[in-house]
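Trainee: Take this structure first; my questions come after.
Nothing in this text is a laboratory measurement; each read-out follows from the coordinates by a stated rule. Keep in mind the model is a prediction, meaning the values are calculated, not measured. With ideal geometry, Cβ positions are generated from the backbone for all residues, glycine too; neighbour counts draw on all protein chains shown.
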Amino acid sequence: MGSTPKKREPAWNEKFLWEVIRAIAVIVLPFCIFLHLLFNGDGNNLYLFNLHVEHPFQTDQIFVWIILKNIIPLFLFLIWYFSSNYWWKYFILPLPSLFFYFVLQNFGLVPSHYLHEMDIVDLVSLLLIGSGIFLFDFMVSRKNIHNPVRYDLIYNGNPKNHFKSHIAYYEVIKSQGWEGNLEIYLKKLYSLETSIQEWIERSTGIADEPSLVARRLFEGFVILLLLYMPIFRYQVGAMEDGIKEITFAGIRIGSHGFLNVKVLMWFISAKIMTLLPLCVWYVTCQHWWKYAIFSPIILYAFQIWEAFQDNDILDAYGNIRAFPAVFVVVSLVVSLSIAVRYRSKILDFHQDIKLEIEALLGKMEGSNNILAHQQKIFRELQDTKVDTENAQNHLQSLLKLREELLRELDQKK
């Protein structure tokens, strides 16, 4: 009696939708900073959706701006951390941990000292927050990890045309009524499945890997940068108060409308410690939506430049000058998402074909020991994790199994 085939794995189309949500979040999040412009109440009491928050700032607008200034990088770095497959991803943890701690400071849940040096409370709190993120990642998120659709291979193999041609061939098989002859129907299905598998392998390709020394040097640079960013933030807090001008690398830096240079550097340091890691994220990201990272990069770079200009208000309407570049990014991501959507449909269709083949083998194995053996091999190949190292061997195994099956079915005619 044939065994029950496995249930279908989570749909690739569903994974694609989650990837789209990530891309949208990365594009939209930096623009949430403008939400503070909706608040203009004076005093230190904020009322929002029946929630009352007492704060130490002059106006509600400043309070909301401070919160958004910390929440936005927090969520950006969390998206980076949970979408990364690199072994050094754990060195990202200090960044979301630090911004989460800043949010706790904003709401008065931990001691607040924005422009002062780090103390033992900060260190313990950051350690606990980072441990919490790590445990959540270990217990929940890692169960659903999957290899990303690489940005540089999206248009390989013309996924839209191949999806339509495979569907058309499958409909032809169905219309010819071969289900009544299981052996011939299985033969045609197997030929279709292998054809799709060959297309997947050809269109995926193998990325050119840099040398081991170059990769290790780059990884070392990334780790040092990620670890230094929180230190840089607190180095600013160690500056002297009241300084109106400093000289750095032969360049004189004034307060540029801020109370003093320390306040200017406090504002700039928050932008820099977000911008530089975002650049690292863009360079190392292999997801198809990597160009969405340009949105926060463009906006943060513009905001740093704007801080040195003569402006009465920052992170406000003047940022509209950066919108055209962001619109280009959005257009590019939308274009890429269309190609990825068809690739996801092909992968879903491929899964359906494999499950149908396994079901047919299950019906036939009771009368044919060879087919039962082939079904076992087919299931083992389904359970094999395919990556760039074993992709060619996996394809060869499928081709060999197809030839054995076709030879067996020909002998039964």
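Trainee: Rounded to whole Hz and in sequence order, give me ³J(HN,Hα) for the stretch 321-337 from the Karplus expression 6.51 cos²θ - 1.76 cosθ + 1.60, θ = phi - 60°, writing x for Gly and Pro.
Mentor: Coupling constants for the stretch 321-337: 5, 8, 5, x, 5, 5, 4, 4, 4, 4, 4, 5, 5, 4, 4, 5, 5 Hz.
Trainee: Using the Karplus curve 6.51 cos²θ - 1.76 cosθ + 1.60 with θ = phi - 60°, work out ³J(HN,Hα) for each residue of the stretch 237-247 in order, rounded to whole Hz, and write x for Gly and Pro.
Mentor: Calculated HN-Hα couplings, in order: x, 8, 5, 6, 7, x, 6, 8, 7, 9, 10 Hz.
Trainee: Under the Karplus relation 6.51 cos²θ - 1.76 cosθ + 1.60, θ = phi - 60°, what is the ordered set of whole-Hz ³J(HN,Hα) values for the stretch 283-300, x standing for Gly and Pro?
Mentor: Once rounded to whole Hz, the list reads 5, 8, 5, 10, 6, 5, 8, 4, 5, 5, 5, 4, 4, x, 4, 4, 5, 5.
Trainee: In the stretch 210-279, what GluC sites (Glu not before Pro) fall in a loop by DSSP, with at most 13 other Cβ atoms inside 10 Å?
Mentor: Details: sites: E219, E240, E245; in loops: E240.
Of the GluC sites (Glu not before Pro), the ones in loops of the stretch 210-279 whose Cβ has at most 13 other Cβ atoms within 10 Å are E240.
Trainee: Roughly what percent of Cα-Cα pairs across the stretch 25-80 reach past 15 Å? Can you show the working numbers first?
Mentor: Details: 783 of 1540 pairs.
For the stretch 25-80, the fraction of Cα-Cα distances above 15 Å is 51 percent.
Trainee: Can you list the chymotrypsin sites (Phe, Trp or Tyr not before Pro) in the stretch 27-66 that are in a DSSP coil and have 10 or fewer other beta carbons within 10 angstrom? Please list the in-between numbers first.
Mentor: Details: sites: F31, F34, F39, Y47, F49, F57, F63, W65; in loops: F39, F49, F57.
Here the sparse-neighbourhood loop sites are F49.
Trainee: Going by how many other beta carbons lie within 10 Å of each one, how would you line up I129, I253, fewest first?
Mentor: Working: I129 19, I253 16.
Placing the least packed residue first, the sequence is I253, I129.
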